[in-house]
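A short worksheet on the structure shown next.
The numbers here are math on the coordinates, done by the rules we state, and not lab data. Quick caveat, the model's predicted, so the values are computed rather than measured. Counting neighbours? That spans all protein chains shown, and the Cβs are built from the backbone with ideal geometry, glycine included.
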Amino acid sequence: VNDHEVLPLLDQIGHVVSEAITRARPELAGSDPVVRRSDRADFQSNAALALARRLRVQPADLAADLVADLAPALDPARGPVAAVERSGPGFLNITLAEHAVWAQVAARLASPRLGVGTPERGRRTVIDYSAPNIAKEMHVGHLRTTVIGDSLARVLDLLGAEVVRQNHLGDWGTQFGMLIQYLDEHPEISWRQADLAGDVSAVSALDQLYRSARAAFDADPAFADRSRARVVALQSGEPATLARWAEIVAESEKAFRAVYDRLGVLLTPEDSVGESSYNPVLAATASELVDAGIAVDSAGALVIFSEEVTGPEGAPVPLMLRKRDGGYGYDTTDLATIRHRLRDLKAHRLLYVTDARQALHFRLVFEAARRAGWLTDDAEATHVAYGTVLDRDGRPFRTRAGGAVRLTDLLDAAVARARAVVADRDHGLSPAELDQIAERAGIGAVKYADLSTSRVRDYVFDLDRMVSFTGNTGVYLQYAHTRIRSILRRAGDSHPEVDPELPMEREERALALALDGFGATLIEVSRTLEPHRLCGYLYDLARAFTAFYEVCPVLGSAEPVRGNRLALCQLTARTLSRGLGLLGIAAPERM
Ligand code: ARG
């Protein structure tokens, strides 16, 4: 419990029902009170139905006993319960006391963290995300891992987890041989951003180098041989080759950094722990697995055969620990990441945010880590898989030429579209204001569209839909926030007093209960690793606010009603802004 934690009403009611269960039937002490939000009353408990079987009694009889034993809790002056009623075969309908609902609004408003608890405290969680490949452009495929991973990092951090971000950059591999060789043979080419200052295509200079080198490699066997020799030089740490490699990595990271800054993600240079950083421990990792009898020789290669997964002909599926030529690859590096994160970083939870197509890879890595004794019951490892971004025809999103769509181009397009939509509704914004709003709306739209789809599903990248002011979009939520902010500004941005003795309108109550559910939603996100649940929550909250605002005048009401309604406005604005922030999306003052 942190100083600012406010226990949600749902949990308070749970405690009240638990106590009644214990009073009614001491042998059932500790049972789940099974309390849910309900449309019929405020909350409903299904405990009697769930527990009657165990006692071999009628659910309705047990429910009647519980109603009787809840009576002492019905102290309307103090407790949160105003009324309890048995319904149906044994449900309990529970109506909250209005003062308890108002008190909840006041308590959350008084908390800098809106009363959200820290149930993840003490849990070290490593989140592996983004991980683009050096010397290649970040493309639409990197959008999802970057945006989802970043949102999870923010949510878990708010819930108190000790979050360790790891950007597993693809900064090692045979492609560097050809890149370095090509650069040496073509000293005249411009591949650094600085060489191309002012050129809009600057970010793709390195990408261009990659393509040229690749073309030469495929077309010219002699160049391919020289490139392979260069790989050997790199692996043996030949200084000039290594220096070139470091330059390429640094240049590429500069380009990634520009995208990260624009996207507003948390990743810093300190979070970059690329594949190459595991080089010094690969041999030790391999021999540890050999000594444990897990890794075996297979036609000169070192592999780990799965005991759980079999291939088409029933043959066990292998992880490649060391190739026949002695080289280490992606599988080995990931065995090293899991060993490092569990043993050295002492993580309790490992999240790998990558494409769903890597599911088998991670299943095998986790299995091997378990067999090696690195991954024990004290820790958990999860592949946070996500689906593919599709075009409007339902095919993987690509450029007309069939290439990967550069992330920068995609963001530019979204910002341009958002600018047009915002300009359409012009309220006398200056061009500079318009630019700033369009940037936030466009980037927010792309992130929200990505986060609001159920993670494992594919989704269609539809610019028009994502910058729409209506529907479940980032722009809608940003706009909802600006509308409430405008009400609060007109009220002089005061600190409203909440009078808990005031009666409550139905819409006020619905809004207050929605606001009370923020923390529970975040806990759901941390459990399921699905940020779309937070998106859905914020969308419902914005709609609950609209329903409230339609029937409850705020600025036009007199005190003390005005104060209570302003408190609801303020708590809604802060919850929307905080929620958008947890998705990595800006909540502007106006738009
Ligand atoms: N660089 C890889 C890619 O672009 C992703 C790496 C993900 N992380 C990991 N530990 N394997 O597909």
To test your reading of the geometry: what angle, between 0 and 90 degrees and rounded to tens, separates the Cα axis of helix 175-185 from the longest principal axis of the chain?
50
Please report the spacing between the Cα centers of segment 503-538 and segment 93-153 in Å, no decimals.
12
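Neighbouring Cβ atoms within 10 Å as the yardstick, rank Leu351, Leu266 fewest first. Please list the in-between numbers first.
Working: Leu351 23, Leu266 17.
Exposure proxy ranking, most exposed first: Leu266, Leu351.
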State whether segment 16-59 is rounded, prolate or oblate according to the following rule on the C-alpha gyration tensor (a ≥ b ≥ c being the square roots of its eigenvalues): a/c under 1.5 gives rounded; otherwise a/b larger than b/c gives prolate, and the remaining case gives oblate.
oblate
Calculated Rg and Dmax of the chain using C-alpha coordinates, Å
28.6, 89
Shape of segment 330-446 from its Cα gyration tensor (a ≥ b ≥ c, root eigenvalues): rounded if a/c is under 1.5, otherwise prolate when a/b > b/c, or oblate?
prolate
Please list 390-401, 552-563, 412-423 highest first by mean number of surrounding beta-carbon atoms within 10 Å per residue.
412-423, 552-563, 390-401
Taking Cα atoms only, helix 561-582 is inclined relative to the longest principal axis of the chain by an angle, in degrees rounded to 10, of 20
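How would segment 175-258 be classified by its alpha-carbon gyration tensor: rounded, prolate or oblate, with rounded meaning a/c under 1.5 and the a/b versus b/c comparison settling the rest?
Numbers: a/c = 2.35, a/b = 1.46, b/c = 1.60.
In terms of gyration-tensor shape, oblate.
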Take every Cα pair under 8 Å in the chain that's 6+ residues apart, average their separations, divide by the length, and report that relative contact order as a whole percent.
14
With both bridge residues required to lie in the chain, what share of the DSSP beta bridges run antiparallel, to the nearest 5%?
50
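For Lys447, Lys323, Lys346, what ranking results if the residue with the fewest other Cβ atoms within 10 Å of its Cβ goes first?
Values: Lys447 29, Lys323 15, Lys346 11.
Lowest to highest Cβ neighbour count: Lys346, Lys323, Lys447.
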Rounded tilt (10° steps) of 59-70 against the dominant C-alpha axis of the chain
70
Helix-derived mean residue ellipticity, 222 nm - over the chain, DSSP H n ≥ 4, -39500 (n - 2.57), to 500:
-16500 deg cm²/dmol
Calculate, axis by axis, the spread of Cα positions in segment 219-356 along the three principal axes, and write the results as whole Å, longest axis first.
47, 47, 30
